[in-house]
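Q: Okay, handing you the structure first.
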């Protein structure tokens, strides 16, 4: 079978003020019709640059050599006009973040129709009909109505489906999917992977899947190419690669993947004790029938985000809070930190009642609570150096007069999270994602908090970077013994860290217990479905789990 994409000795370098940066160094890959080729590796390995080279979407600072043969044409040598004819018809791209790929001021139907009309004489009526048809085929409910909706009116998973629909609208021979499931809930991720599998089967489209998630690779790919520092270090059939990885970097990548039940932190319960019982010692956080309601617009009922949830966190304990987007996880975390108002029931944090609390009374307690945000890039002030960001809580709470006074403590914190103290002089954008997340952890621990709230701190990190951040987190938690609310949708990560796990579904706490019980013998149907949705880095096992998930959904 002739390849739909044939990359031969591709080199890509970017011009900088210093020496050129070589992003891709002699890559050769091919993709056959209907095949899924996964290109994996850490950030900076050259995955996305290789994918964008297929569509010639690289910036003007890029110097490209080699050949990228697409439907018999060498993309490298085509001019802009010729490339416009190729994009969409021969190759299309699904970008990592659908919110930034969709135009917020146009309806999704208009955006799909725009691609159809740009490539041929298609009437408005025919373009709309085809937009409705393709939205229905990718699983958007009520496509005749939703075709006139705007991107903000769709969930994250639905927006990803719309981006896939746009890519499919002109029937391309190959789709380049760049991290199509990053930061999606495991249940939504499973739906998107099923959709991509159906795209290959029904449309016969080849897929170049760019990802760092080895579970997604095991679930979808036929072949795998592993990239490291711009080179392909290993390429093999998916089952062969997972069963017998040959390159040491591939082995390290697979070893870094968190596995369900891979680590148990809870101690064996004493004879006759109930491992799901609330801790006997005075709790750092105690919620009883907690309710959080967001007020609605005039004449509309409010939205109940949390509905009669009861739980407790003991000193030194890690409670994992899991569930899909919209289940109320982050709302609970923000309510504990005093950033969202609790509406009813009781929520006691460090002995202070949070229902109806007054900011002036709660302010002294803020120094005893640390918060690690999901995206450190947006939680850091870009105008401050890392040292100034870490020192900020010390200065605000009167522990230090200025940065010079806090410098010793800042250096201790950076050292504790395994960052060189010289990084204190850098700005947030000069650090990698994993380094920023570790700096964020250092800032959260600056005041020696008794309670730490970590909201999805590893959701968008590479597996190896995620592993290093989790190692640092575990080491600090064991040494400092602060209580932790760890919020995540990744059950494998939560299983590595948490003593107990609480599962939220539509604002209700449907299951809570020791980590090994919840992960090994879940009692609620939703928890079982959540566990079955987690892709594991083993193609044979993942195929079995896929069938199990279908059975649970039927």
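None of the figures in this text is laboratory data; all of them are computed from the coordinates on show. What you are looking at is a predicted structure, and each value in this text was computed from that prediction instead of being measured. Cβ placement follows ideal geometry from the backbone for every residue including glycine, while neighbour counts extend to all protein chains displayed.
Q: Could you give the angle, 0 to 90 degrees to the nearest 10, between helix 539-553's Cα long axis and the longest principal axis of the Cα atoms of the chain?
A: 70 degrees
Q: With Rg and the Kirkwood Rh both taken from Cα atoms, where does Rg over Rh land for segment 278-355?
A: Reported Rg/Rh, Kirkwood definition of Rh: 1.00.
Q: Can I ask one more? Give, in whole angstrom and from largest to smallest, the semi-axes √(5λ) of the equivalent ellipsoid of segment 501-545, with λ running over the eigenvalues of the Cα gyration tensor.
A: Here the semi-axes work out to 22, 12, 8 Å.
Q: Extent of segment 368-472 along each principal axis, from alpha carbon coordinates, in Å, largest to smallest?
A: Rounded to whole Å, the extents work out to 39, 29, 22 Å.
Q: Can I ask one more? Along each of its three principal axes, how wide is the spread of alpha-carbon positions in segment 24-72, in whole angstrom units, largest first?
A: Cα spread of segment 24-72 along its principal axes, largest to smallest: 33, 28, 18 Å.
Q: Could you state the per residue volume, in Å³, of the convex hull enclosing the Cα atoms of segment 137-201?
A: Expressed per residue, the convex hull around the Cα atoms of segment 137-201 is 94 Å³.
Q: Highest mean first, how do 184-190, 35-41 rank when packing is the count of other Cβ atoms within 10 Å averaged over residues?
A: 35-41, 184-190
Q: Taking Cα atoms, how many degrees apart are the long axis of helix 386-396 and the longest axis of the chain, rounded to 10 and kept between 0 and 90?
A: 30 degrees
Q: Still on this structure, I have one more. Please report, in whole Å³, the volume per residue of the convex hull around the C-alpha atoms of segment 114-258.
A: Measuring per residue, one finds 132 Å³ for the Cα hull of segment 114-258.
Q: Per residue, how much space in cubic angstrom lies within the convex hull of the C-alpha atoms of the chain?
A: 177 Å³
Q: May I pose another question? Going by how many other Cβ atoms sit within 10 Å of their own, how do 246, 426 line up, fewest first?
A: Going from sparsest to densest Cβ surroundings: 246, 426.
Q: Taking N as the number of residues in segment 285-533, what is its Cα Rg relative to 2.2 N^0.38 Å?
A: Compactness ratio reported: 1.02.
Q: Next up: Report, to the nearest 10°, how far helix 463-480 tilts away from the longest principal axis of the Cα atoms in the chain, using its own Cα long axis and a range of 0 to 90°.
A: Its long axis makes an angle of about 0 degrees.
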